[in-house]
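I have placed the structure first, in the form of structure tokens, so that the comments after it can refer back to it.
The values are calculated or read from the model by the stated rules, or taken from the named source; none is laboratory data. Being a predicted model, the structure only gives us computed values, none of them experimental. Here the Cβ positions follow ideal geometry from the backbone for every residue, glycine too, while neighbour counts run over all protein chains shown. In case anyone asks, the SASA skips ligands and DNA or RNA and just uses the protein heavy atoms, side chains included. Shrake-Rupley method; radii C 1.70, N 1.55, O 1.52, S 1.80 Å.
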Amino acid sequence: MSATQATAAKVEQFCTFYLDKSLFGVEVGRVQEVIRSQEMTAVPLAPSVVRGLINLRGQIVTALDLRRRLGRPDATDGRAPMNVVVRCDEGAVSLLVDEIGDVLEVDAASLEAPPDTLVGRSRELIRGVVQREKGLLLVLDITKTLETTE
Amino acid sequence: MGEMDDVVKEFLVESYENLDRLDSELLELESHPQTREMLSSIFRTIHSIKGACGFLGFSRLESLTHAGENLLSLLRDGKLGVDGQITTALLELVDAVRQMLTTIETNGAEGDEEFEALKAQLKSLQGGASGAAGAKPAAPTAPTAPTANAPANASASETTSAQTSAAPAAAPSEPVPQAATPAAQPVAREATSASAAPSAAPSPERAKPAAAAAPGAGVAENSIRVDVGQLDKLMNLVGELVLARNQVLQLASHSSDNAFVATTQRLNLITTELQESVMKTRMQPIMTVWSKLPRVVRDVSTALGKRIRVEMQGEETELDKTILEAIKDPLTHIVRNSCDHGIETPGVRTERGKPAEGTLTLRAFHEGGQVILEIEDDGGGIDIERVKRKAVSNGLITQEHAARMSEREACGLIFAAGLSTAQQVTNISGRGVGMDVVKSNIEKIGGQIDIANRYLHGLTLRIKIPLTLAIIPALVVTAGGERFAIPQVSLLELVRLEGEARARAIDSIEGAPVYRLRGRLLPLVRLENELGLPTKSKDDDALNVVILQAEGRRFGLVVERICDTEEIVVKPLAKWLKSIPVFAGATIMGDGRVALILDVLGLAQRAHVLGDGPERHSDSGDGAGVRANSTSRRLLLFQVGEDLRMAAPLEDAARLEEFRLQDLEVSGDQRVVQYRDEILPLLPLARAFGRASSLDEPDRQSVQAVVARVGGRRYALVVERILDIVEQDLRLEGEPRQGLIQGTSVIQSKVTDLVNLAAVTCHLDPSAAREVLA
């Protein structure tokens with residue numbers, strides 16, 4: 001985006017969710033829907049980030065464990081994860097997250113580069129951060145997140 | 001470039017179609033130079049391309065087609081005779097036009113290529129017209145002139161020549177007579193096939209030349225052009241519907257609401273019919289792929305100085321478009337191979353006492369829900385010894401291994417990577433695409449390829465392919481509590497081993513478990529182990545073994561439970577999962593959950609059961625070999641009483657089952673068993689032949705039975721033992737006895753009676769006879 005266009009308050013909307021107590025966001029435009037935990041078929045021999053396949057109204061959707069994708073520890077509270085279904089070039093993919101947050105409107109100008117304290121795989125997949133009163137919003141680079149790792 | 005003009009797009013699509021037809025028409029013309037009708041059609045096609053070019057402003061293409069048109073008009077008016085040289089030039093013209101069209105398609109404008117040489121060539125051929133026309137009356141390479149068609153053609157050409165003067169004038173504004181779209185293609189080749197197989201069906205084009213020549217008659221109004229993407233979408237939707245139907249059916253089976261159950265049945269029927277109809281829209285005759293092959297053969301044979309005739313049988317056989325696409329390249333490769341390595345030069349052929357002209361036969365037909373394609377040549381076949389030597393020298397196999405190899409195994413070597421059997425490398429074969437690629441491409445679409453070799457007399461390649469890929473029958477099994485679907489094409493049989501039998505049948509060779517199935521040792525693979533799933537079954541449980549076949553080799557897959565067969569819709573896996581070779585895709589089951597589809601070949605490779613050695617024991621009655629004679633049938637062999645060996649056509653047997661005697665109940669004077677929600681009567685087959693039945697043996701635990709459907713019901717025909725399934729030619733000897741035995745034949749070198757299962761059932765259970773009559 002050219003900077004000149006952003007002079008007026010250009011607002012981006014993010015669908016947010018919690019993961020390992022951090023708040024993450026994905027552009028609303030990429031999110032197809034958010035659904036409750038689904039019955040899932042595990043895929044033997046699959047990379048660990050693939051948790052299984054779900055039937056989304058007749059469409060088979062791969063569910064990715066976003067904690068594992070971001071190198072965070074597995075959840076221990078035993079709660080069923082939520083599905084954030086995002087669109088990608090080969091259909092839809094579900095991202096498993098701990099809890100769903102609100103849709104937040106963020107001034108595009110307030111999006112900053114990830115702080116140096118953010119290291120490891122998270123850093124590669126984070127497009128930027130937004131400072132908020134209640135802490136940081138980490139904006140995911142969804143295209144990179146959906147790239148195959150292995 | 002941006003959006004291509006719709007007019008240009010339409011022009012391209014139509015022109016491509018016409019060019020494909022031109023290829024075959026030109027070859028036809030070469031063999032039957034007298035057919036003026038054909039010339040008119042060729043002329044019209046080129047003329048309409050030219051006309052459209054002028055309209056669309058493609059001046060180079062216009063000038064090229066103009067040169068061709070001039071030559072064609074001389075030919076059509078009989079001022080010039082067709083010969084090999086002219087055909088070659090015209091084929092080059094077709095190629096050049098196609099090349100220009102491709103350029104237009106990609107760049108939106110014609111290229112800079114002027115094709116001056118070709119234009120000059122076309123012109124010079126015209127120049128020779130006035131003088132040479134009489135001197136070259138017929139093509140020198142033309143094979144026997146058509147006999148049956150000739151009279152019809154004569155009258156046909158009268159009719160058409162009267163029309164041609166009118167037709168071209170109408171052509172530019174209406175470029176393509178719709179009657180000449182691919183649907184009509186098979187007709188164009190009729191003459192070739194008619195001379196090969198006396199086809200009973202008269203060619204509609206020849207029968208009604210006037211109708212065919214009149215542009216836009218009939219067909220145009222009754223057919224529309226549909227984007228394949230649209231059909232794919234439709235097919236996907238039907239797939240969804242099939243899944244939803246399966247779910248509804250499952251719900252209905254627990255419902256006591258009669259209206260709901262009835263509605264469900266109706267939904268079931270409609271869905272099945274819809275599925276079939278939509279599948280039909282995607283079907284195209286094999287001719288759409290075959291039509292390119294005569295051109296390939298001509299190019300190859302001309303380059304090598306050979307004479308090869310192409311014969312086609314069953315060109316109307318239909319296949320799913322996706323499958324046609326997938327077999328196009330393998331087929332071309334095989335045909336090219338046959339022309340190059342198979343069929344000899346005229347000199348060699350004469351020496352071997354064969355006609356100088358070689359024959360390449362393409363055959364297509366349906367068999368058991370699959371399509372069989374055969375490519376047969378009457379060339380030199382495979383020199384097994386040479387293949388072996390070559391394989392040894394290339395380090396593919398050891399000398400010792402070569403010595404032990406059967407002929408069939410050695411033939412299989414030509415599918416190994418890195419083996420070219422051509423004595424000399426030509427520019428036609430050996431261009432990197434080997435038979436190994438052919439084989440893997442065919443296996444990718446669930447097909448199988450086999451060879452029947454007749455050294456010095458020819459070679460037949462037989463390809464078995466499924467009708468469609470989208471919806472396939474599959475066996476559902478479980479492992480580690482999860483369900484998996486196994487495509488039925490790879491499935492040979494199901495075996496359940498309990499207690500004693502289990503201990504007897506399972507052996508171990510160097511720590512690897514093997515199963516002894518009718519004298520043959522099969523490697524056993526436990527699905528849970530391969531997939532890294534927890535094993536739930538205990539060591540002394542019954543063992544469920546699914547006998548599978550991959551690359552002609554058999555192995556046993558041990559699963560937790562065998563559920564049922566189901567029609568499944570194959571869905572591809574996402575990119576994260578593509579690299580797992582053991583899965584071919586996923587599907588949604590009746591209960592709405594996702595199940596993975598096993599890739600049998602991938603699984604076998606992962607488990608290392610394919611090995612590289614020959615199978616430990618291959619029996620002669622095995623069904624894997626190719627038999628040129630298509631009367632071969634698959635037979636189920638079983639033993640009745642102590643001494644009778646019997647066979648029945650496999651298609652008459654719905655299933656093979658083993659029942660525990662403790663599960664049997666009595667109804668009236670019959671023993672019955674509850675079987676898939678119905679009561680299945682057990683009929684002792686032995687009794688029909690005056691033998692004691694295994695049902696009556698006192699210390700027996702279980703009996704084996706052939707489940708057959710007679711009338712509307714199923715019956716279990718109890719036999720002593722199921723022996724084998726074989727594929728073989730049936731030569732029946734002896735008189736039919738009481739209608740129960742259809743005859744006697746020697747199978748696996750033993751005398752075997754062929755049983756009529758339906759007749760035996762009616763004999764043993766008169767109520768079955770009533771069912772049949774009803």
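Listing for the model above:
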{"read-out": "By average C-beta atoms within 10 angstrom, highest first, the peptides A:107-118, B:493-504, A:10-21, A:89-100", "value": "A:89-100, A:10-21, B:493-504, A:107-118"}
{"read-out": "Amide H contacts under 5 Å for residue B:480, placed H, 5+ residues apart", "value": "B:536, B:560"}
{"read-out": "For residues of B:593-605, the mean tally of beta carbons on other chains within 10 Å", "value": "2"}
{"read-out": "With all protein chains modelled, accessible area of residue B:411 [1.4 Å, Å²]", "value": "10"}
{"read-out": "Label-to-label distance, nm, for residues given as residue B:345 and residue B:234 (7 Å Cα→Cβ offset)", "value": "5.3"}
{"read-out": "Region A:99-150: relative contact order in percent, alpha carbon pairs under 8 Å with at least 6 residues between", "value": "26"}
{"read-out": "Accessible area (Å², 1.4 Å probe, nearest 10) - residue A:51", "value": "90"}
{"read-out": "Backbone HN-Hα couplings from phi across region A:131-145 [Karplus 6.51/-1.76/1.60, Hz, Gly and Pro as x]", "value": "7, 10, 4, 8, x, 8, 10, 8, 8, 6, 7, 5, 4, 5, 4"}
{"read-out": "Translational diffusion coefficient (Stokes-Einstein; Kirkwood radius from C-alpha pairs) of chain A at 4 °C, 1.567 mPa s, in µm²/s", "value": "80"}
{"read-out": "Extension gain (nm, one decimal) between residue B:697 and residue B:254, 0.36 nm per residue minus Cα-Cα", "value": "155.6 nm"}
{"read-out": "Cβ-based charge dipole, region B:13-79, positive-most Cα from B:74, B:15, B:48", "value": "B:74"}
{"read-out": "Residues whose placed amide H lies under 5 Å from that of residue A:141, excluding near-sequence neighbours", "value": "A:126, A:127"}
{"read-out": "Rounded to the nearest 10 Å², the accessible area of residue B:32 at probe 1.4 Å", "value": "20"}
{"read-out": "Using a Förster distance of 22 Å, the FRET efficiency for residue B:561-residue B:608 (Cβ separation, nearest 0.05)", "value": "0.30"}
{"read-out": "Length-normalised contact order of region A:65-128 in % [C-alpha pairs under 8 Å, at least 6 apart]", "value": "30"}
{"read-out": "R0 of 25 Å, Cβ-Cβ distance residue B:269-residue B:767: FRET efficiency to nearest 0.05", "value": "0.35"}
{"read-out": "Highest to lowest packing among B:317-329, B:113-125, scored as the average C-beta count within 10 Å", "value": "B:317-329, B:113-125"}
{"read-out": "Shielding by other protein chains, B:565-573, mean Cβ within 10 Å", "value": "2"}
{"read-out": "Ranked by how many other beta carbons lie within 10 Å on average, peptides A:31-40, B:661-670 from highest", "value": "A:31-40, B:661-670"}
{"read-out": "Rounded to whole Hz, the Karplus (6.51, -1.76, 1.60) HN-Hα couplings of region B:669-678, x for glycine and proline", "value": "9, 10, 8, 9, 9, 7, 9, 6, 6, 9"}
{"read-out": "Hz values of 3J(HN,Hα) by residue in region B:564-569 - Karplus curve (6.51, -1.76, 1.60), Gly and Pro given as x", "value": "7, 9, 8, 7, 10, 9"}
{"read-out": "Pairs beyond 19 Å (Cα-Cα), from B:321/B:571; B:79/B:123; B:233/B:571; A:144/B:233", "value": "A:144/B:233"}
{"read-out": "Chain A - percent relative contact order, Cα under 8 Å, separation 6 or more", "value": "27"}
{"read-out": "Cβ-placed point charges (K, R +1; D, E -1), dipole of region B:651-727 about Cα centre in debye, nearest 20", "value": "180"}
{"read-out": "Estimated FRET transfer efficiency (residue B:304, residue A:148; beta-carbon r; R0 41 Å; 0.05)", "value": "0.30"}
{"read-out": "Where A meets B: accessible area buried, both sides, 1.4 Å probe, Å²", "value": "2000"}
{"read-out": "Neighbouring partner chain Cβ atoms per residue of A:53-61, average, 10 Å criterion", "value": "6"}
{"read-out": "Simple spin-label estimate for residue B:536 and residue B:579 in nanometres, 7 Å along Cα-Cβ", "value": "3.1"}
{"read-out": "Simple Cβ-charge dipole of chain A, Lys/Arg +1 and Asp/Glu -1, about Cα centre, in debye nearest 20", "value": "180"}
{"read-out": "Global geometry of region A:44-89, whether rounded, prolate or oblate, following the gyration tensor of its Cα atoms and the 1.5 cut on a/c", "value": "prolate"}
